[in-house]
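Input: a single structure, listed below in structure tokens.
Read the figures in this text as sums done on the coordinates, not as results from a lab. Treat the numbers as computed from the prediction; the structure is a model and nothing was measured. Positions of Cβ are backbone-derived with ideal geometry, glycine not excepted, and every protein chain shown enters the neighbour counts.
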Amino acid sequence: MEFFCYHRDRPGSLDLRHELLEDHWSYMDGYAAQMIARGPTFAGDTPTGSVHILDLPDPAAARAFAFDEPGYQAGAYRDVLLRRWRNTLGRTMWDFPSGRTGGDRYLVLGLGSGQAADLAPPPVGDDLIAYGPLLSDDESSWLGTAVLLRAPDPGAARTVLTSDRYAAVEVHAWEFGGRR
């Protein structure tokens with residue numbers, strides 16, 4: 001079962017995040033085999049959150065992953081978005097044809113409910129890093145779409161989703177994560 005997890009930073013937690021960086025990476029190292037994608041989001045040069053997409057046995061394991069994370073335990077995050085996710089591309093970020101460098105990268109989150117939208121990846125060439133619907137734990141309800149992609153700017157990244165089909169669309173600068 002695949003899950004999308006987005007820990008959003010609590011304002012003023014940057015020093016705490018830096019202090020816990022090695023603990024965070026060590027924790028994530030324990031999940032390396034299950035990772036589909038990972039990495040921080042930014043506003044300018046300031047980290048704003050941490051994205052992890054991974055394959056875990058069940059929703060209980062996903063909740064344990066999200067809430068046992070050292071930054072969450074220490075109060076670095078203001079909230080966590082945790083949803084079932086379907087890996088529409090069938091690959092990990094490490095399989096992305098263009099690799100870790102070159103171009104700006106973004107997380108695009110379309111949050112919604114009701115009639116599902118954007119279930120199939122758009123024809124944007126080799127710019128999609130990860131793409132899939134956000135779902136309820138039992139997969140019976142569509143709750144949105146999460147995309148990691150390379151794009152020239154936030155506006156172009158936003159166009160990957162049909163905006164009027166969502167209650168909200170968020171675009172965050174994102175970079176490949178993991179140990180450097």
Open item on the list: I'd like the Karplus ³J(HN,Hα) series for segment 48-54: coefficients 6.51, -1.76, 1.60, θ = phi - 60°, whole numbers in Hz, and an x wherever there's a Gly or Pro.
Closed with: 10, x, 9, 9, 9, 10, 8
Task: Segment Ser113-Arg78, length gained on full extension (0.36 nm per residue, minus Cα span) - done: 10.3 nm
TODO: If a/c stays under 1.5 just call it rounded; otherwise compare a/b with b/c (prolate if a/b is bigger, oblate if not). Do that for segment 29-180, with a ≥ b ≥ c from the square roots of the Cα gyration tensor eigenvalues.
DONE: rounded
- [ ] Subtracting the Cα-Cα distance from 0.36 nm times the residue separation, let me have the gained length for Asp58 to Ser26 in nm, one decimal.
- [x] 9.3 nm
- [ ] Taking the Cα centre of segment 33-180 as origin, work out the dipole magnitude from +1 charges on Lys and Arg Cβ and -1 charges on Asp and Glu Cβ, in debye rounded to 20.
- [x] 220 debye
Task: Where labels lie 7 Å past Cα in the beta-carbon direction, separation of Arg91 and Asp104 in nm - done: 2.4 nm
Task: Selection from Thr41, Met28, Leu56, by position along the positive dipole direction of the chain (Cβ) - done: Thr41
Open item on the list: Quick check: from the Cα gyration tensor, does segment 93-174 come out rounded (a/c under 1.5), prolate or oblate?
Closed with: prolate
Open item on the list: Skipping prolines and chain starts, which residues have an amide H placed within reach, meaning under 5 Å, of the one on Asp9, given they are 5 or more residues away or on another chain?
Closed with: Gly49, Ser50, Arg78
- [ ] Per residue of segment 29-34, in order, report the coupling 6.51 cos²θ - 1.76 cosθ + 1.60 (Karplus, θ = phi - 60°) as ³J(HN,Hα) in whole Hz, putting x for Gly and Pro.
- [x] 4, x, 10, 3, 5, 9
Open item on the list: Pairs of alpha-carbon atoms within less than 8 angstrom and 6+ residues apart define the contacts here; what relative contact order does segment 34-90 have, in percent?
Closed with: 24 percent
Task: Taking Ser113, Ser140 and counting other C-beta atoms within 10 Å, the order from fewest to most - done: Ser140, Ser113
